[in-house]
Amino acid sequence: MDPSVEMYDSALLGILQHVGEIKPFIEVVFSFLLRRTDFFRIMKDKESKMGFPPGVAKQLVMDTVTRYEQIAKSLMERSYETKMATGEVPPRAVETVEVETEDNNTKSTPSNAKTTSSDSTTQDLPEQKTTQPEVKQENTKPKSTPYESGLPKVTSQKSDCYNGAVRDNYSWSQTFTDVDITVPVPKQVKAKDVQIDIGRKHLKVSLKPGVVQKEAEVLIDGDLTYDIRREESMWSLVPGVGLQINLEKNLEKMWLSVIEGEEEIQRDNIDPTRHLHEMDEDAQAGWRQAMFDFEQKKAGKPTSKELETHNVLEKAWDAEGSPFKGTPFDPAKLNIST
């Protein structure tokens with residue numbers, strides 16, 4: 001395990017103490033990868049400089065988890081062997097056999113235990129029975145969905161209404177470039193049971209007749225606050241979640257509501273941060289260069305511009321006509337102005 005990763009313990013411990021549990025901590029990590037890096041970006045072609053080929057990011061995570069599982073197992077084995085050598089724990093039994101006695105007391109006996117006579121052992125011990133400990137089955141019945149409870153409202157996490165809101169029949173979130181809408185539907189609903197019409201300035205979402213009730217059930221029907229790119233918008237049915245509708249904005253601006261006439265969100269509550277994955281490739285490259293220069297300066301190392309200047313001077317040092325030709329490159333002899 002690379003000891004250099006321990007230098008980030010203080011920062012990570014602060015985050016962990018703030019969120020309180022491992023699951024939200026992992027959410028923070030992956031949210032950062034989504035918003036500030038190109039980790040989840042899929043490379044369009046071999047010439048693309050951003051993102052990973054399909055499946056590579058996921059495999060990278062799985063490989064890392066597998067590697068640290070092996071490290072954890074090795075550390076546990078080493079700790080047990082150390083305690084066993086010092087007598088803190090007894091050595092491992094070769095094998096144990098469960099025997100049920102007349103008093104219903106179960107004892108474990110090593111299989112290699114010495115006996116005076118195999119015949120007497122057979123006579124003294126009652127009939128051996130294989131007993132399985134009773135396992136209490138927990139109630140694993142899933143919680144009722146909004147439709148099952150009679151309340152067609154989504155119980156949304158913060159990510160479902162990021163820069164958006166929770167409405168009676170749906171929740172929505174947004175970035176500068178698109179709007180994501182989540183509409184809860186009954187579990188038995190299939191894609192063929194849904195009717196979704198996405199227009200340039202209008203959205204209608206309904207369930208066909210006979211799915212939930214005799215008549216068609218309209219979930220959303222209204223004019224959008226702003227125009228969208230209809231051809232680049234899409235929807236899907238996610239089991240256990242509901243309908244996921246993605247609307248591609250025509251203009252990069254924040255909306256205060258999805259449907260005209262609905263209650264608007266507070267403008268002051270909108271996070272104006274432009275996420276890295278929303279920028280074009282040139283802007284992302286510029287951001288990465290700025291971050292590289294920041295880290296280099298922080299570590300007392302040359303910035304990208306200084307490195308570029310250094311490379312140019314090193315090539316010119318030994319060029320034809322240079323007064324330093326044939327001598328080792330020494331930047332201390334030069335007055336480098338960046």
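The values are calculated or read from the model by the stated rules, or taken from the named source; none is laboratory data. Treat the numbers as computed from the prediction; the structure is a model and nothing was measured. We place every Cβ from the backbone using ideal geometry, glycine too, and count neighbours over all the protein chains shown. Side chains included, ligands, DNA and RNA excluded: accessible areas come from the protein's heavy atoms. Shrake-Rupley method; radii C 1.70, N 1.55, O 1.52, S 1.80 Å.
The conditions are (1) of a type in the set (Ser, Thr, Tyr); (2) over 15 Å from Glu281 (Cα atoms); (3) at pLDDT 80 or above, and Thr37 fails exactly one of them. Which is it?
Answer for Thr37: the failing condition is (2).
Are there any pairs with C-beta distances below 7 angstrom linking a residue in region 63-84 that is touching a residue at least 24 places away in the same chain (Cβ under 8 Å) to a residue that is outside any helix (DSSP H, G or I) and open to solvent by 90 Å² or more (accessible area, probe 1.4 Å), with the two at least 6 apart or on different chains, and if so which?
Correct list of pairs: Ile71/Met1.
Name the residues in region 183-194 that are surrounded by 13 or more Cβ atoms within 10 Å (Cβ to Cβ) and either outside any loop (DSSP other than H, G, I, E, B) or of a type in the set (Gly, Ala, Ser) (or both), would you?
Those that are surrounded by 13 or more Cβ atoms within 10 Å (Cβ to Cβ) and either outside any loop (DSSP other than H, G, I, E, B) or of a type in the set (Gly, Ala, Ser) (or both): Val183, Asp193, Val194.
Residue by residue through region 1-26, note down the ones that are of a type in the set (Val, Ile, Thr) and either at pLDDT 80 or above or open to solvent by 100 Å² or more (accessible area, probe 1.4 Å) (or both).
Ile15, Val19, Ile22, Ile26
Among what's in region 30-50 and is open to solvent by 60 Å² or more (accessible area, probe 1.4 Å) and assigned to a helix (DSSP H, G or I), pick the residue that is nearest to Met62 (Cα to Cα).
Selected residue: Phe30.
List every residue pair whose Cβ atoms sit under 8 Å apart, with the two residues 6 or more apart in sequence or on different chains, where the first one lies in region 185-197 and is without any contact (Cβ under 8 Å) to a residue 40 or more places away in the chain and closer than 22 Å to Gly222 by Cα and the second, anywhere, is outside any loop (DSSP other than H, G, I, E, B) and open to solvent by 100 Å² or more (accessible area, probe 1.4 Å).
none
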